[in-house]
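Asker: Have a look at this one before I ask anything.
The values are calculated or read from the model by the stated rules, or taken from the named source; none is laboratory data. Every value quoted in this text rests on a predicted model; they were computed, and no experiment measured them. Positions of Cβ are generated from backbone atoms using ideal geometry, with glycine treated the same way; all protein chains shown enter the neighbour counts. These accessible areas exclude ligands, DNA and RNA; they are computed on the full protein's heavy atoms, side chains included. Shrake-Rupley method; radii C 1.70, N 1.55, O 1.52, S 1.80 Å.
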Amino acid sequence: MIDLRANPFYLDDEAEKWVYDTLSELDDNGKIGQIFCLESISGDVEDMQYAFDKIEPGAMMHRPNTIDKLQTAATQMQAKCSIPMLIAGNYCHGGSDVAVDGQPYATCMGVGATNDTEYAFRQGVLAAESAKIGGGNWAYAPVSDINFNFESSVINTRSYGDKVDLVGDMAAAYIKGCQSVGVASSFKHFPGDGMDIRDQHVTLSVNSLSCEEWDASYGAVYKKCIEAGALTCMIGHITMPAYSMKLNPSLNYGECLPGSLSKELMTDLLRGKLGFNGMIVSDAAQMAGMSAQLKREDAVPLCIEAGCDMFLFYRDFDEDYEYMKKGLETGKLSRERLDEAVIRILATKAALGLHKGVSALPPVEDLHKPEYKVWAEEVADKSITLAKNLREDLFPITPEKNKKLIVYSHVSDNVEPPVMRPEMEKRIGGDKQALFKYFVKQLEEEGFDVTVYEEELASERKLDSYHSKEAVSQYSVALHFCNVQPEHGRAARINYKGHCSNDAADTDMYIPNILISMGSPYLLLDAPRVKTCINCYTPSEHTVDALIDKLVGRSEFKGVSPVDQFCGLEDTKW
């Protein structure tokens, strides 16, 4: 029997009674409706009517939108339901994860670089308070993965780092901050991403640790998340053969299923060994890490039968809905498991007070409380890290001694997150170019004479791939501004221009070159002999402002690298 009085629900008599009374009133279709979390990309209620015609969904995930659009969508969708919905989002980093006009904060890795859990707590508060303004009450956060593999194509700055205690402490602080505001938190992606270079969106991913190694790393992080009271956990489409085969000796390696389909990992490990009593949600059910493993009619009901409580999205709604119904009719999904799943879903809602109804939304003006901006400025100042510097007399860089600068732009066209309305992808891509222009503008306002490198410049001044001493002698410092993101199946890398990397940091032997990464902290891989590297972790104007302060000497570098910025390579240190 599920203990609804214990961690993480802590329900009182009234709330517990509502859970069981509501369960008793649901028929099979009502229960199946509760285990589906649908996805609203457009934010238009009419676009979701096809699902409402068949079920009353237990949850809805909204993608970032304008705050007024989010409020309208949440209000209209809740009005369609007799049982209040969980309204979710990837509220991982701050207000801008909720609404395009929300307050940006730091990435998780930027927070990790502060080495201070207060900034993770604030991250949770900011994300949750912004979510509530848009009608949200469920955060698919924090990312509790450990970025052990610098070539990870999906985690990178989404993680707090590669240090076990740091990741666990930061994730726990986020959970406490988020849930203190009344928004459910969901640590992810159990059994742990950041080991494999592959992306579970596009293929199966593997956590290859031994059981003992996992216990001391991911298991330790998840224990802290559970102790912090996380109401939910998101299961990744990631296999962990060592534990699957230990818990079920009849399995061979090739029979090990991803966490989202594995009884061994969800029921035996997460619930049994780790003692998680909260609600489990799958990662997106259309991702290849799940959809390519079994026939769909087997995978859909198995997800719930194996221990998951809520089914996130669908590949084809009509098909997945029918497979879930058919699974219940044929016994692939037992009524006992279905009831357990619905109980935990309802208990999560009750823990948020939804058994008393949906509260009025906070005013839109609260999206930009003055303290949010202060928090964003502080975390930017505390996170920026001087990751490498072999020139003791380089800083500060001032117009008096370093008047003429040449600045290189390494800005990828890739846009994250991977799911977004086309108009938002265009906006975000433009924002990346705008951030470089903002950086140049801030340098010029400091009094520097800035030349932006372009391919035409190489031809005019013979600043070609050989980077002659004569070509660069007119400049005092070269700044390489990198704003690159992972692409599906490959890690974040610098994409140099030209056949022989015309814009590479090869001039460091003649004038100081500074590699500045606004995102991934691993770019020394592509510029191993550059003598100075600054990792910023978060591409935002707040970060650029803090960076300029540090370059000119108004502020010290305070960040502590939360990962091995040298990528385990000796040559990157020299």
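Asker: Here is a list: Phe317, Phe311. Which entry is closer than 20 Å to Asn29 by Cβ, under 22 Å from the mean Cα position of the chain (by Cα) and of a type in the set (Phe, Trp, Tyr)? Steps first, please.
Answerer: Values: Phe317 fails: under 22 Å from the mean Cα position of the chain (by Cα).
Result of the check over Phe317, Phe311: Phe311.
Asker: Kindly indicate the residue of the stretch 22-75 that is modelled with pLDDT of 95 or more, over 23 Å from Arg315 (Cβ atoms) and among the charged types (D, E, K, R) and also most open to solvent (accessible area, probe 1.4 Å) among those meeting that condition.
Answerer: It comes out as Glu25.
Asker: Out of Ala492, Ala505, Ala546, I need the residue that is of a type in the set (A, V, I, L, M) and in contact with a Pro (Cβ under 7 Å, 6 or more places away or on another chain). Which one?
Answerer: Working: Ala505 fails: in contact with a Pro (Cβ under 7 Å, 6 or more places away or on another chain); Ala546 fails: in contact with a Pro (Cβ under 7 Å, 6 or more places away or on another chain).
After applying the criteria, what remains is Ala492.
Asker: Could we say that Leu515 is surrounded by 17 or more Cβ atoms within 10 Å (Cβ to Cβ), out of contact with any Cys (no Cβ under 7 Å at 6 or more places or on another chain) and modelled with pLDDT of 95 or more here? Step through it out loud before you land on a result.
Answerer: Numbers: surrounded by 17 or more Cβ atoms within 10 Å (Cβ to Cβ): yes; out of contact with any Cys (no Cβ under 7 Å at 6 or more places or on another chain): no; modelled with pLDDT of 95 or more: yes.
Here the answer is no, as Leu515 does not meet what is asked.
Asker: Please go through the stretch 78-90 and pick out each residue that is open to solvent by less than 10 Å² (accessible area, probe 1.4 Å) and hydroxyl-bearing (Ser, Thr, Tyr). I'd like the intermediate steps shown before the answer.
Answerer: In the first step, residues of the stretch 78-90 are kept if they are open to solvent by less than 10 Å² (accessible area, probe 1.4 Å); the result is 85-89.
Result: no residue meets the conditions.
Asker: Look at the stretch 210-228 and say how many of its residues are in contact (Cβ under 8 Å) with a residue 40 or more places away in the chain, outside any helix (DSSP H, G or I) and open to solvent by 10 Å² or more (accessible area, probe 1.4 Å).
Answerer: Of the residues in the stretch 210-228, the ones in contact (Cβ under 8 Å) with a residue 40 or more places away in the chain are 216-228.
Filter once more, keeping what is outside any helix (DSSP H, G or I): 217, 228.
Now drop any that are not open to solvent by 10 Å² or more (accessible area, probe 1.4 Å), which leaves 228.
The qualifying residues number 1.
Asker: Report yes if Tyr496 is open to solvent by 50 Å² or more (accessible area, probe 1.4 Å), modelled with pLDDT under 95 and under 29 Å from the mean Cα position of the chain (by Cα), otherwise no.
Answerer: Details: open to solvent by 50 Å² or more (accessible area, probe 1.4 Å): yes; modelled with pLDDT under 95: yes; under 29 Å from the mean Cα position of the chain (by Cα): yes.
Yes; evaluated as a whole, the condition is true for this residue.
Asker: Of all residues in the stretch 94-119, how many are touching a strand residue (DSSP E or B) at 6+ places or on another chain (Cβ under 9 Å), at pLDDT below 95 and not aliphatic (A, V, I, L, M)?
Answerer: Number satisfying all stated conditions: 1.
Asker: Let me ask something else about it. So, of the residues in the stretch 236-255 that are small (Gly, Ala, Ser) and over 15 Å from Ser210 (Cα atoms), which turns out to be nearest to the chain's Cα centre (by Cα)?
Answerer: From the stretch 236-255, those small (Gly, Ala, Ser) are 236, 242, 244, 250, 254; that's our starting set.
Applying the additional criterion that residues be over 15 Å from Ser210 (Cα atoms) yields 236, 250, 254.
Details: Gly236: 13, Ser250: 35, Gly254: 29 Å.
Result: Gly236.
Asker: Between a residue in the stretch 38-58 that is at positive phi and any residue that is assigned to a helix (DSSP H, G or I) and open to solvent by less than 30 Å² (accessible area, probe 1.4 Å), which pairs come within a Cβ distance under 8 Å, given they are 6 or more apart or on different chains?
Answerer: If the second residue must be assigned to a helix (DSSP H, G or I) and open to solvent by less than 30 Å² (accessible area, probe 1.4 Å), the pairs left are Gly43/Leu70; Gly43/Ala73.
Asker: Further question: Applying the selection to the stretch 301-353, what residues are part of a helix (DSSP H, G or I), among the acidic types (Asp, Glu) and open to solvent by less than 40 Å² (accessible area, probe 1.4 Å)?
Answerer: At the first step, the residues of the stretch 301-353 found to be part of a helix (DSSP H, G or I) are 301-305, 317-330, 335-351.
Applying the additional criterion that residues be among the acidic types (Asp, Glu) yields 305, 318-320, 322, 329, 336, 339-340.
Of everything in the stretch 301-353, just one residue is part of a helix (DSSP H, G or I), among the acidic types (Asp, Glu) and open to solvent by less than 40 Å² (accessible area, probe 1.4 Å), namely Asp320.
Asker: Continuing with the same structure: Cβ-Cβ under 8 Å, sequence separation 6+ or interchain: first residue in the stretch 312-338 and among the small types (Gly, Ala, Ser), partner open to solvent by 20 Å² or more (accessible area, probe 1.4 Å). Which pairs?
Answerer: Gly327/Glu297; Gly327/Leu302; Gly327/Glu305; Ser334/Glu305
Each row is one residue, and each column tells you yes or no for (1) assigned to a helix (DSSP H, G or I); (2) not β-branched (Val, Ile, Thr).
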| site | (1), (2) |
| --- | --- |
| Thr22 | yes, no |
| Gly43 | no, yes |
| Asp47 | yes, yes |
| Met60 | no, yes |
